[in-house]
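Below you'll find the structure, written out as structure tokens, and then a few comments.
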Amino acid sequence: MTATQLKPACIVLFFVVGFPLPTLGQSEGFVSLSPQSHLSEHWTVEGSAPDTWSVKDGVIVCSGRPNGFLRSKKSYRDFIFRAEWRFQKEGWTEQPPTYPNAGYFVHAGEVERGWPRSLEIQGHYGEAGSLFGVRGGRVSGARRGPIPENRKPFGEWESVEIQSLKGIITVALNGGKMNEGQDIYPTEGNICLQAEGWPVFYRNLKIKELD
């Protein structure tokens with residue numbers, strides 16, 4: 001889900017000036033959400049056919065068609081979630097600003113029109129790091145739209161760190177803090193990995209629950 005269809009005059013980018021690089025978590029206390037053999041170790045498939053998703057050498061592989069997502073078996077409230085993702089570079093012939101789409105839903109609840117009520121941290125290559133509500137989800141003060149900072153070339157692995165703490169969500173992309181929102185709704189739910197129309201890969205998934 002992207003904002004690229006919005007008219008430029010309607011896109012409001014909240015540029016965050018002088019954001020310090022956060023310390024959003026320590027190495028200890030994290031639990032892996034990367035399946036070793038079967039998705040069912042940590043995830044359930046929703047929306048797309050089960051064979052759309054698979055696991056190979058600890059990496060989650062998704063064909064991207066039909067659209068769908070993985071939902072974590074556990075629900076979370078305050079946490080730090082880390083992950084890496086990349087798109088298949090081979091075969092993509094569209095020119096910028098058109099790019100493939102994926103991303104992360106947090107605090108995900110019931111599904112409406114294909115996607116869960118949640119907050120999305122965008123994985124779409126042209127807008128990665130955007131933060132916005134989906135299907136009734138809400139967040140204030142966050143950026144949405146094309147975001148060029150802290151990016152790697154298309155097709156390379158990129159990392160995201162998402163912290164949800166006391167109603168505030170902070171997003172770091174490739175080691176740099178780049179987004180923050182507050183007054184969130186929902187405040188608790190599942191974590192989801194989204195795929196929308198193109199092969200995408202996820203790895204090094206881990207989470208630390210916060211007191």
Practice prompt. Scan (1) farther than 19 Å from Trp92 by Cα; (2) small (Gly, Ala, Ser); (3) more than 14 Å from the chain's Cα centre (by Cα) for the single condition Gly133 breaks and write down its number.
Written response: (3)
Worksheet item: In this structure, is Ser159 open to solvent by 10 Å² or more (accessible area, probe 1.4 Å), under 16 Å from Ala83 (Cβ atoms) and in contact (Cβ under 8 Å) with a residue 12 or more places away in the chain?
Response: yes
Practice prompt. Determine if the stretch 192-211 includes at least one residue that is outside any strand (DSSP E or B), of a type in the set (A, V, I, L, M) and surrounded by fewer than 16 Cβ atoms within 10 Å (Cβ to Cβ).
Written response: yes
Worksheet item: Has the stretch 135-154 got any residue that is open to solvent by 30 Å² or more (accessible area, probe 1.4 Å), modelled with pLDDT of 95 or more, hydrophobic (A, V, I, L, M, F, W, C) and in contact with a Leu (Cβ under 6 Å, 6 or more places away or on another chain)?
Response: yes
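State yes or no: is Phe105 among the hydrophobic types (A, V, I, L, M, F, W, C) and touching a Ser or Thr at 6+ places or on another chain (Cβ under 8 Å)?
Taking the combined requirement at face value, the residue satisfies it.
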Worksheet item: Has the stretch 67-78 got any residue that is more than 21 Å from Phe201 (Cβ to Cβ), touching a Lys or Arg at 6+ places or on another chain (Cβ under 8 Å) and modelled with pLDDT of 95 or more?
Response: yes
Worksheet item: Which of (1) surrounded by fewer than 21 Cβ atoms within 10 Å (Cβ to Cβ); (2) closer than 22 Å to Asp183 by Cβ; (3) modelled with pLDDT of 95 or more is the odd one out, the single condition Leu131 does not satisfy?
Response: (1)
Worksheet entry | Residue in the stretch 162-181 that is most open to solvent (accessible area, probe 1.4 Å), counting only those that are closer than 13 Å to Asp78 by Cα and out of contact with any Phe, Trp or Tyr (no Cβ under 6 Å at 6 or more places or on another chain) | Lys166
Practice prompt. Check Gln182 against each of (1) closer than 18 Å to Phe30 by Cα; (2) touching a Ser or Thr at 6+ places or on another chain (Cβ under 9 Å) and name the one condition it does not meet.
Written response: (1)
Worksheet item: Restricting the stretch 101-121 to residues that are assigned to a strand (DSSP E or B) and either of a type in the set (A, V, I, L, M) or without any contact (Cβ under 8 Å) to a residue 24 or more places away in the chain (or both), which is surrounded by the fewest Cβ atoms within 10 Å (Cβ to Cβ)?
Response: Val111
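How many residues, within the stretch 47-68, are assigned to a strand (DSSP E or B) and open to solvent by 50 Å² or more (accessible area, probe 1.4 Å)?
2
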Response to the item:
Apart from one, (1) open to solvent by 20 Å² or more (accessible area, probe 1.4 Å); (2) hydroxyl-bearing (Ser, Thr, Tyr); (3) within 28 Å of Arg65 (Cα to Cα) all hold for Tyr185; the odd one out is (3)
Worksheet item: Is at least one residue of the stretch 92-99 buried (at least 18 other Cβ atoms within 10 Å of the Cβ) and either among the hydroxyl-bearing types (Ser, Thr, Tyr) or under 25 Å from Phe132 (Cβ atoms) (or both)?
Response: yes
Discussion item. Please go through (1) in contact with a Gly (Cβ under 9 Å, 6 or more places away or on another chain); (2) within 19 Å of Trp43 (Cβ to Cβ); (3) open to solvent by less than 60 Å² (accessible area, probe 1.4 Å) for His124 and return the number of the only condition it doesn't satisfy.
Written reply: (2)
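The values are calculated or read from the model by the stated rules, or taken from the named source; none is laboratory data. Being a predicted model, the structure only gives us computed values, none of them experimental. Using ideal geometry, Cβ is built from the backbone for each residue, glycine included, and neighbour counts are taken over all protein chains shown. Accessible surface is based on the protein model in full, side chains and every heavy atom, while ligands, DNA and RNA are left aside. Shrake-Rupley method; radii C 1.70, N 1.55, O 1.52, S 1.80 Å.
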